[in-house]
């Protein structure tokens, strides 16, 4: 079975700081990768996804992520965070042969100080 | 319409009650999911329906009983729950589930408290 690890459980940044959230997965086959965001009191929303092709993917709200196959990683980045980015971020993996079953990482709670 | 709706938003029930959670989507999606999310934890998959048939049951206790009356609706019937079942119950849908590439759209969840 696959597993997903998010190294940072809590991150506190000031506005305009750069963000990088780590995500590593363990699975030997081909995977599809996702980052979801859960703003306070709101539902899970997709930030970005990677299926194949260019390993650098751009998502909504200025977020991007890079897939590094050799490191089994899919880290999320944003050059300059805003107070409105305060939320919980979940990395998720779906193997190609597992019927669209998502396995989520433990989540990273980001707080951006104004 | 790219929304998944869930009712009720909040539910408080006793251990002997029977209640149901409802989920609806009008995106023409043929796969629907139930997840359970405890506080400060990631969502955990409970059930998956594909073309209105139960496809995956992640060893969920029988006090949770899913139902898919049609392609737009998904219910979760609750009976004889325990206090540890208190959680946020999330519904999601996707176009299909034959590969891992189908984006799942999530509803806002029902926050369940079992007394």
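What follows draws every value from the coordinates through simple rules; no lab data is involved. Everything quoted here is computed from the prediction, not taken from an experiment. Don't worry about glycine lacking a Cβ; one is built from the backbone with ideal geometry, like all the others, and counts go over all protein chains shown.
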Revision key, fill the gap. Shielding of B:37-43 by other chains, given as the mean Cβ count within 10 Å, works out to 5
Practice item. Express in nm, to one decimal, how much length is gained between residue B:115 and residue B:41 on full extension, taking 0.36 nm for each residue of separation and deducting their alpha carbon distance. Key: 24.5 nm
Review point. Which FRET efficiency value, to the nearest 0.05, is calculated for residue B:53 and residue A:64 with the Förster distance at 35 angstrom and r the Cβ-Cβ distance?
Key: 0.40
Practice item. Return the FRET efficiency for the residue pair residue B:17, residue A:97: r is the Cβ-Cβ distance, R0 is 35 Å, and the value is rounded to the nearest 0.05. Key: 0.30
Revision key, fill the gap. For residue A:71, placing the label point 7 angstrom along Cα-to-beta-carbon and taking the stretch A:1-36, residues whose amide nitrogen sits under 13 Å are A:7, A:20-25
Practice item. Take the Cα atoms of chain B, find their three principal axes, and give me the spread along each one in whole Å, biggest first. Key: 38, 26, 24
Check your understanding: Using the eigenvalues of the Cα gyration tensor, what equivalent ellipsoid semi-axes result for the protein assembly as shown when each is taken as the square root of five times the eigenvalue, whole Å, largest first?
Key -> 30, 21, 15
Study note, to complete from the structure: Relative contact order as a percentage, chain B, C-alpha pairs under 8 Å and 6+ apart, gives 37
Check your understanding: Using the count of nearby Cβ atoms within 10 Å as a rough guide to exposure, how do B:114, A:31 rank from fewest to most?
Key -> B:114, A:31
Exercise for review: Would you compute, for the Cα atoms of the stretch A:19-92, the largest minus smallest coordinate along each principal axis and list the three values in descending order, in whole Å?
Suggested key: 36, 23, 18
Revision key, fill the gap. So residue A:1 and residue A:56, fully extended at 0.36 nm per residue minus their Cα-Cα distance, gain in nm 17.2 nm
Review point. With the calculation restricted to Cα positions, what are the radius of gyration and Dmax of the stretch B:20-70 in angstrom?
Key: 11.6, 33
Review point. In percent, what relative contact order does the stretch A:3-113 have, based on Cα pairs under 8 Å that are 6 or more apart in sequence?
Key: 38
